[in-house]
Amino acid sequence: MTQMPPQCNNLQEQVDTLLQLLRQEPSLRQQDIMAVQASLKKAISPEFEIVFAGAFSAGKSMLINALLERELLYSAEGHATGTECYIAYAESAQKERVVLTFLSEVEIRTQVYALCEQLNLTTEININHIDVVKILSQGCLIIIEKEGGENKSELAKQAKALILLLEGFEANRERIQTVDNATYSMEQFNFSNLKEAASYARRGSNSAVLKRVEYYCYHPLLKDGNIIIDTPGIDAPVKQDAELTYDKIESPDTSAVVCVLKAASSGEMTTEETELMEKTRSNPGIRDRLFYIFNRIDETWYNTQLRQRLENLINSDFRDTTRVYKTSGLLGFYGSLIRGTTGRDRFGLDTIFAESRDRLDADTNSGNNSENSQDTPQFVNEFNRYCANSGKLSASQFRISVNSYETPNQNYVRILA
Ligand SMILES: Nc1nc2c(ncn2[C@@H]2O[C@H](COP(=O)(O)OP(=O)(O)OP(=O)(O)O)[C@@H](O)[C@H]2O)c(=O)[nH]1
Ligand SMILES: [Mg+2]
């Protein structure tokens, strides 16, 4: 962070004096001084909040993991992040810690009412009544079945969100306070590291009743007061989650916004993305610290039409900014991790990918079929595609073949070997 010029050393005092003078002058007393106070707070604050915002699955969490070079945040298909995550600096690896803040019972009740209204569930709603909770959950299950699955419609997604909220409330009943937002340290949860806390927070039902997760993480990027904030997708099924993101980008505490856009995989901007950019531009505290990231750029490598549409979009709608970046969070993140692997652990298949492989197993109930294509880590598929079809590797320099008689994992190991 830049040093303040010497005449600003007593900024707080000087601004306070000016504001006092303002109050003494009757004709100026009505002036709104909120903006001045907000700017002052920011100017003297040692913290610099950088908010990552965008549509669901744009890759916000993955990009943050890539920046921090570790799998800290939960990144997955579908709506993955349901809670605001703050990542601030820890002085050393030993000082890494997590603080979990829960919603209050009142806030949870408000969300339950709103969801029940949208779902047309009109029973007596007392979430402390075990029977009521059962009836509501059954009602949700019926809706999901009628809609043909959890993700089949907005209604089904909301029903799923209500189930998770009720489950989360029950599972964390002892920790949730009536009107206050209770906070807990990781010791109180018996977590021994950030990862354990993160995997507790990523579970849908826990995430539903958490208001905020703060990670204190040992990484040079966070030194000097940089705080990275991951937010739920602006099109998240629970309205409150999405609103939280909009509140955050309009908040005077926010100093920079990284808009993670999905246009590289769709060729166009969604209404929500346009709204996000408009709201961001209207926050005077952000000024020109607005970064546009076209993530998932790998998808344009295999699709000429998509590539052209993205280029057209950037040339027309992003003409007036130089802060346009094209990234692949997925390839960048795993690419940096596999540098530390060797043939002995099959270039990460037995180490860094072991957990996601097991998770895939659990998700798909595919049992012991460990070479089944469903157990191929997403990165391995993307890596093979990169080698075979991206046109990024010169054929004379890299004689790489992706063979159809081998499994994707075998191709991956052979190529890297
Ligand atoms: N092909 C490709 N996939 C990516 C890329 N970045 C992320 N993904 C995948 O996209 C999915 C969603 O990524 P997340 O990081 O969870 O996205 P998010 O923006 O945090 O999504 P929400 O938390 O749901 O709002 C994951 O399965 C990632 O592996 C990328 O650059 N290329
Ligand atoms: Mg996320």
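Overview of results
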read-out	value
³J(HN,Hα), Karplus 6.51/-1.76/1.60, whole Hz, each residue of the range 129-137, x for Gly, Pro	8, 4, 5, 4, 4, 4, 4, 4, 4
For Q177, distant residues with modelled amide H under 5 Å away	E105, A182
Rounded to the nearest 10 Å², the accessible area of M34 at probe 1.4 Å	130
Summed side-chain charge close to L40 - residues other than L40 whose Cβ falls under 15 Å, Lys, Arg +1, Asp, Glu -1	-3
The chain, Cα convex hull volume normalised per residue, Å³	210
Charge dipole of the chain about the Cα centre (unit charges at C-beta), most positive-ward option of P220, V133, F347	F347
Straight-distance crosslink candidates among lysines, where the alpha carbon sits under 30 Å from K392 and sequence neighbours closer than 8 are dropped	K60, K262, K326
Relative contact order of the range 213-314, defined on C-alpha pairs under 8 angstrom at six or more residues apart (%)	26
With 5 Å bins from 0: P(r) over the range 106-175, alpha-carbon pairs, percent	3, 18, 31, 26, 14, 6, 1
Beta bridges by DSSP in the chain, antiparallel share as percent, to the nearest 5	30
Overall Cα dimensions of the range 1-135 - principal axes, largest extent first, Å	63, 47, 30
Under 17 Å from K160, Cα to Cα: lysines that are on another chain or at least 8 residues apart	K134, K146, K152, K239
Debye log10 I(q)/I(0) at q = 0.10, 0.18 Å⁻¹ for the range 85-236, Cα point scatterers	-0.42, -1.05
Highest-MSF residue in the chain out of N206, N295, N181 [GNM, Cα springs under 10 Å]	N181
Within the chain: Cβ-based charge dipole about Cα centre, in debye rounded to nearest 20 (Lys, Arg +1; Asp, Glu -1)	1100
Gain upon complete extension [S39, R289; 0.36 nm per residue less C-alpha separation]	88.5 nm
Per-residue HN-Hα couplings for the range 335-347 [Karplus 6.51, -1.76, 1.60; θ = phi - 60°; Hz; x = Gly/Pro]	x, 6, 5, 6, 4, x, 10, 9, x, 5, 9, 6, 6
Distance between modelled label sites at F189 and T351, nm, 7 Å Cα→Cβ extension	2.7
Approximate spin-label separation E170-Q397, in nm, with each point projected 7 Å along Cα-to-Cβ	5.8
Neighbourhood charge, 10 Å Cβ-Cβ cut-off, centred on T81 and excluding it, Lys, Arg +1 and Asp, Glu -1	-1
Gained length - T122 relative to Q30, 0.36 nm times residue gap less alpha-carbon distance	28.4 nm
Size of charge dipole - the range 1-129 - debye, nearest 20, with Cβ of Lys, Arg +1 and Asp, Glu -1, no other charges	260
Furthest towards positive pole of dipole, L67, S401, A264, structure part the chain, Cβ charges	S401
5 angstrom amide H check on F56, placed H, neighbours 5+ away	I234, D235
Dipole of the chain, positive end: most advanced residue of A58, P46, F294 [Cβ charges, Cα centre]	F294
5 angstrom amide H check on I127, placed H, neighbours 5+ away	none
Normalised contact order of the range 106-175, rounded percent, pairs of Cα under 8 Å and 6 or more residues apart	30
Normalised contact order of the chain, rounded percent, pairs of Cα under 8 Å and 6 or more residues apart	21
Derived scalar couplings ³J(HN,Hα) [the range 226-240; Karplus, 6.51 cos²θ - 1.76 cosθ + 1.60; whole Hz; x for Gly, Pro]	5, 10, 9, 10, 9, 10, x, x, 5, 10, 4, x, 8, 3, 4
Gain on full stretching of the segment that runs from Q308 to A93 - 0.36 nm per residue minus C-alpha separation	72.9 nm
Calculated [θ] (222 nm, deg cm²/dmol) that DSSP helices of n ≥ 4 give over the chain, each run adding -39,500 (n - 2.57)	-13500 deg cm²/dmol
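The values are calculated or read from the model by the stated rules, or taken from the named source; none is laboratory data. On a predicted model such as this, the values are computed, not experimentally measured, just so you know. Cβ coordinates were reconstructed from backbone atoms using ideal geometry, including for glycine residues, and neighbour counts include every protein chain displayed. We work out accessible area using only protein heavy atoms, side chains counted, and drop any ligands, DNA or RNA first. Shrake-Rupley method; radii C 1.70, N 1.55, O 1.52, S 1.80 Å.
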